[in-house]
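Take a look at the structure set out below.
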Amino acid sequence: MIQLYTFSSCTSCRKARDILNEHQIPFKEKNMSIDPLTREELLHILTYTTNGTSEITSKRSQDVKNLSVELDDLSLNEWIELAVQHPGILRRPLLVADEQLIVGFNKEEYAGFVKKYKLRHEKEDLTPVACS
């Protein structure tokens, strides 16, 4: 199942949602501004990163500036606790699907995702069914 993590006021999140809806790709959406990620969800997302927490941290966000915390000095547990309490430090949208993570919104990256998704599901639809 495709999971899209968003914020209500995020234009990029709306664009990501619109592309998925436009191509009739089923997904679950979680609005992080209303329902922050859990520790388990963050750990799951982090398994798909290549650069760890820095890949999904929005270092230029107002939340990061207001916290005046040196993110690079935090342990993983400290960073997770901070992200649970202050989801605004996370980049958005976050799309998790088929062992893939897309961070932020890039039209070309989403177009590639849609193309792969449709090809994969067309192949599934063409799989022969054994007759008895």
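What follows is calculated from the coordinates using simple rules that are stated; it is not laboratory data. Just so it is clear, the structure is predicted and the values come from calculations on it, not from any experiment. Cβ: placed from backbone, ideal geometry, glycine included. Neighbour counts: every protein chain shown.
Given bins 10 angstrom wide, list per bin the percent of all Cα-Cα distances in the chain, short to long. Histogramming the chain at 10 Å steps yields 11, 41, 29, 12, 5, 2, 0 percent. Between Thr49 and His121, what FRET efficiency comes out of the Förster formula 1/(1 + (r/R0)^6) with R0 = 30 Å and r the beta carbon distance, rounded to 0.05? For His121 and Thr49, the calculated efficiency is 0.70.
For the chain, the longest principal axis of the C-alpha atoms and the axis of helix 11-22 are separated by about 10°. Over the chain, dividing the summed -39,500 (n - 2.57) contributions of all DSSP H runs of at least 4 residues by the number of residues returns a 222 nm mean residue ellipticity of -13500 deg cm²/dmol.
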